[in-house]
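Structure first, commentary second.
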Amino acid sequence: MLIAPRTEDLGGTQAAVQRALGKLQLPNNVHYTIRGSVSAMQKSFSSFGFGLSMAVVLLYLVMVAQFKSFLDPFIIMFAVPMGLIGVIWTLILTGTTLNIESFMGIIVMVGIVVSNAILLVDFANQRLREGENLRDAVVRAARIRMRPIIMTAMATVVGLMPMALKLGAGSEASAPLARAAVGGLIVSTVFTLVLVPALYELFYSRGQVS
């Protein structure tokens with residue numbers, strides 16, 4: 001009896017096949033191996049994981065050179081885990097597996113999240129250099145940069161929503177990418193406007209005290 005896969009992604013199909021094989025009582029001398037696109041996908045997972053880690057490290061080093069500070073990039077990078085929280089919850093709620101498309105969505109999300117955090121930190125630094133006190137600089141940065149950050153996130157979310165909902169023809173394969181990016185952006189945008197300014201004031205106030 002042939003059973004058609006119920007999922008559009010390769011990861012869901014692989015999981016379904018493994019569950020079905022796990023229910024079989026195989027003799028001791030019988031083994032099975034899953035080959036084809038699945039093995040290529042598993043190798044791609046390793047490559048994407050390593051590439052994402054290297055991208056984050058290189059992004060941090062580039063920001064260190066630009067800001068001439070180790071602290072500012074450290075504060076900015078706190079926005080990335082907040083986006084990953086949104087990605088995980090979105091994939092769980094939508095029943096989407098973590099696959100190559102999801103990893104690509106995470107990379108898209110990380111780039112936008114970091115750029116939003118850079119807007120906040122850079123503007124707060126400008127206000128501090130102009131002689132404004134720390135609390136006013138942080139509050140002004142969050143208030144003034146809130147509009148462009150929200151507009152950037154909303155434009156991306158609205159553009160990816162038809163793909164995430166699989167409304168267009170042929171969008172099933174790219175739905176995990178859109179869902180990962182949309183979920184990460186929605187959560188990270190909210191946390192970026194709250195967490196990054198709070199951490200900025202926390203770390204810089206300790207520096208002023210010491």
### Summary
Its Cα gyration tensor gives segment 86-157 an equivalent ellipsoid whose semi-axes in whole Å, largest first, are 33, 11, 10
### Task
Just reorder Ile107, Ile100 by solvent-accessible area, largest first, 1.4 Å probe, all chains present.
Ile107, Ile100
### Query
Could you give the length gained on full extension between Asp122 and Leu167, defined as 0.36 nm per residue of separation minus the Cα-Cα distance, in nm?
12.3 nm
### Task
About the Cα centre of segment 73-210, how large is the charge dipole given +1 on each Lys and Arg Cβ and -1 on each Asp and Glu Cβ? Please answer in debye to the nearest 20.
240
### Query
When ranked by the protection proxy of mean other Cβ atoms within 10 Å per residue, highest first, what sequence do the peptides 178-186, 136-144 form?
178-186, 136-144
### Extension gain, Ala20 back to Phe78 (0.36 nm per residue minus Cα-Cα distance, nm)
16.8 nm
### Fraction of accessible area attributable to carbon and sulfur, segment 132-183 (%, probe 1.4 Å)
65
### Query
What length, rounded to one decimal in nm, is gained on full extension from Val194 through to Asn28, with 0.36 nm per residue of separation minus their alpha-carbon distance?
54.0 nm
#### Entry: Heavy-atom surface of segment 51-162, accessible at 1.4 Å and reported per residue (Å²)
53
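The values are calculated or read from the model by the stated rules, or taken from the named source; none is laboratory data. Since the model is a prediction, treat every value here as computed from it, not as a measurement. All Cβ positions, glycine included, derive from the backbone under ideal geometry; neighbour counts span all protein chains shown. These accessible areas exclude ligands, DNA and RNA; they are computed on the full protein's heavy atoms, side chains included. Shrake-Rupley method; radii C 1.70, N 1.55, O 1.52, S 1.80 Å.
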